[in-house]
Amino acid sequence: MRTLAVVVALPLPAAAAASTFEAAMLRSINHARAEHHLRPFIPAKRLNWAARAHSRDMVARGYFAHDSPDGSTPGSRTAAHHYRWRSFGEAIAWADGTFANPALIVAAWLASPPHRRVLLGGYRNAGIGCVDGAPEPSFPPAVTCTLDAASPDR
């Protein structure tokens, strides 16, 4: 699977700013879902935790991938945060400069067929985790984001 590196820079200072950035991303995603007559994603705290942990790990360890260097996968990370899922999808992005904007990151995901399938898929819940920094240490201030979308196993 190809990943999407979105070179999009507003640093995300505090947790409150990250939360605001993440909420704006969810609004943009749900707007796109509404345009396609899909139900909005319902935020899931455990998915947020998994997504934020993955974004933080990519920045800290300098990689940009769905699978971490130690072998954890999107599904295993989500299960480790105690979200039991039936179906699951993930989108990742990092951006700097004027592209570090929630709507622009979502637009980039929508322009990428594999990421578009996650955003417009039949998933019920979503968690978004954005952190300050880029997985490539030589970049200027940047933001790295993960979207975890899933349907619960009921």
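The values are calculated or read from the model by the stated rules, or taken from the named source; none is laboratory data. Worth saying up front: this structure is predicted, and the values here are computed from it rather than measured. Neighbour counts run over all protein chains shown; Cβ positions are idealised from the backbone, glycine included.
Of Asp148, Asp153, Asp132, Asp96, all but one fail to be among the charged types (D, E, K, R) and over 27 Å from Tyr83 (Cα atoms); the exception is Asp96. Can you name the residue in region 18-57 that is among the β-branched types (Val, Ile, Thr) and in a helix (DSSP H, G or I) and, of all such residues, is farthest from Leu104 (Cα to Cα)? Once the filter is applied, the top-ranked residue is Thr20.
Quick one: in region 66-96, of everything that is out of contact with any strand residue (DSSP E or B) (no Cβ under 8 Å at 6 or more places or on another chain) and small (Gly, Ala, Ser), which residue is nearest to Ala150 (Cα to Cα)? This residue is Ser76. Could you tell me whether Arg77 is modelled with pLDDT of 95 or more, under 16 Å from the mean Cα position of the chain (by Cα) and not acidic (Asp, Glu)? The answer is no for Arg77. Going residue by residue through region 83-100, is there one that turns out to be modelled with pLDDT of 95 or more and over 22 Å from Asp57 (Cβ atoms)? Scanning region 83-100, I find no residue that is modelled with pLDDT of 95 or more and over 22 Å from Asp57 (Cβ atoms), so the answer is no.
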